[in-house]
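The values are calculated or read from the model by the stated rules, or taken from the named source; none is laboratory data. Quantities reported herein were computed from a predicted structural model and do not represent experimental measurements. Note that we place each Cβ from the backbone using ideal geometry, even for glycine, and neighbour counts take in every protein chain shown.
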Amino acid sequence: MSQRSRAVRASVWGFLVGAASGLTFGLLLAPDEGRQLRRRAAYLLDRWAGDLAAVLDRLDRDGVSSDARARADALVADARQQAESLLSEADDLINQARSGRSR
């Protein structure tokens, strides 16, 4: 594995971990209502996915192998699935908090 591919891999992982943790804390600490919060989170996820796709396209043009592209696409798919799971968990937490307040 070349030094460049290690750097790309570390950057992608850093981005994904940072995005997931930021999204989690943002959802837990946000004062917005559930529907508005989910819309904003979906917008951010789409924007980040678009930004990551642009970076991957640029790397593809710069000569990164198709194997690296396939691995990066798999990482993006995995990150999207984990983000959807986080959104679902946050939605459950919001519903639990609402039901606790209504008692």
(message) So if I check each of Leu44, Leu75, Leu16, which one is closer than 30 Å to Ser99 by Cβ, surrounded by 15 or more Cβ atoms within 10 Å (Cβ to Cβ), modelled with pLDDT of 75 or more and not acidic (Asp, Glu)?
(response) Leu44
(request) Confirm whether Gly34 is surrounded by 12 or more Cβ atoms within 10 Å (Cβ to Cβ) and not polar (S, T, N, Q). (result) yes
(request) Pull up the stretch 85-100, narrow it to residues that are under 15 Å from Ser21 (Cα atoms) and in contact (Cβ under 8 Å) with a residue 12 or more places away in the chain, then point me to the one that is surrounded by the most Cβ atoms within 10 Å (Cβ to Cβ). (result) Ala90
